[in-house]
Amino acid sequence: MKKITLIPLTFLFITSIIFSQKENPEIKYGEYFKKTRENVHLHLNKTTFLTGENLWFQAYIQEQNTEKLHPETSNLYVSLYDESGGLKDQHLIRIKDGLGKGNIKIDSTFTEKAYYIRASTKWMKNFKEDQSFSQKIIILKNSENKPEIVEKENFYDFQILPEGGHLLANTYNRVGILLKDANNKGIQIKEGVVKDKYGTILETFTTNSFGIGETLLLIKENEDYTFYATTKDNIKITVKTPAVKKY
């Protein structure tokens with residue numbers, strides 16, 4: 001007589017749930033997109049260079065889901081490729097609190113007229129989407145004519161860049177500062193202050209030589225703020241924010 005083994009119904013029910021979860025594409029894709037992502041951006045000092053010049057860059061790594069500077073990123077690979085896709089140069093940049101910086105010397109070994117600078121992290125390899133940064137740069141020999149630079153007097157691009165894209169009321173906001181001239185070249189701010197509508201100084205700030213800086217500011221609902229900047233050449237520039245609404 002054959003022996004029949006009975007499997008408890010509870011075991012079959014639990015097993016069925018486990019397998020159904022593994023096969024459920026909604027759960028699978030939901031977990032995939034919940035993983036932390038790194039969005040990389042490089043701010044370059046310019047995109048056309050003469051042999052012997054330096055390519056300077058400031059790196060920003062943003063967490064895609066929160067739209068804030070990524071607190072966990074530690075390393076960034078900044079690479080240069082020729083137009084055939086061959087690797088010309090690569091640098092490992094230290095990242096802290098989502099920020100990093102570096103430079104690449106454009107020496108005589110840069111024989112091509114165009115290269116592509118690419119910035120990426122190892123973590124990005126876990127995803128199908130390409131979220132690396134890429135920018136074409138042009139290399140001119142010293143014997144070639146320099147590109148024409150059109151000077152525009154008294155024109156400056158003074159940008160206030162809130163973390164996440166918006167100023168949030170009734171909380172502290174980390175605010176990026178960017179100052180450029182008409183030729184898209186960063187201008188250093190040696191002294192900067194933020195005032196409320198009553199003229200009270202709330203915070204101070206400066207920038208690096210690329211015109212990049214930041215400040216931490218307590219934003220109040222329905223208040224507007226004015227940023228006053230003085231360049232190293234003692235040129236004074238101001239920009240005013242609109243009244244901040246509560247989201």
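Computed quantities for the displayed model
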{"item": "Count of the stretch 197-223 residues which are touching a residue at least 24 places away in the same chain (Cβ under 8 Å), in contact with a strand residue (DSSP E or B) (Cβ under 6 Å, 6 or more places away or on another chain) and assigned to a loop (DSSP other than H, G, I, E, B)", "result": "3"}
{"item": "Flag for PHE33 being at pLDDT 50 or above, part of a helix (DSSP H, G or I) and out of contact with any Phe, Trp or Tyr (no Cβ under 7 Å at 6 or more places or on another chain)", "result": "yes"}
{"item": "The stretch 190-211 - residue that is in contact with a Leu (Cβ under 7 Å, 6 or more places away or on another chain) and within 25 Å of PHE57 (Cα to Cα) and, of those, surrounded by the most Cβ atoms within 10 Å (Cβ to Cβ)", "result": "GLY211"}
{"item": "Counted residues, the stretch 181-208 - those being more than 19 Å from the chain's Cα centre (by Cα), among the basic types (Lys, Arg) and farther than 13 Å from ILE235 by Cβ", "result": "2"}
{"item": "Leading residue by the ranking (nearest to the chain's Cα centre (by Cα)) among those in the stretch 75-98 that are closer than 20 Å to GLU214 by Cβ and in contact (Cβ under 8 Å) with a residue 24 or more places away in the chain", "result": "GLY98"}
{"item": "Qualifying residue in the stretch 212-235 (condition: buried (at least 19 other Cβ atoms within 10 Å of the Cβ) and closer than 24 Å to PHE49 by Cα)", "result": "yes"}
{"item": "Candidates LYS141, LYS101, LYS113, filtered to the one that is more than 17 Å from the chain's Cα centre (by Cα), surrounded by 11 or more Cβ atoms within 10 Å (Cβ to Cβ) and touching a residue at least 40 places away in the same chain (Cβ under 8 Å)", "result": "LYS141"}
{"item": "All positions within the stretch 154-196 that are small (Gly, Ala, Ser), in a strand (DSSP E or B) and either over 14 Å from LEU217 (Cβ atoms) or touching a Pro at 6+ places or on another chain (Cβ under 8 Å) (or both)", "result": "GLY176, GLY186"}
{"item": "Sole residue being of a type in the set (Lys, Arg) and either closer than 30 Å to LEU167 by Cβ or in the same structural domain as ILE212 (by TED's automatic domain parsing) (or both), chosen from LYS68, LYS122", "result": "LYS68"}
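The values are calculated or read from the model by the stated rules, or taken from the named source; none is laboratory data. In this text, all values refer to a predicted model and were calculated from it rather than measured experimentally. Every residue, glycine among them, receives a Cβ derived from its backbone with ideal geometry; neighbour counts consider all protein chains shown.
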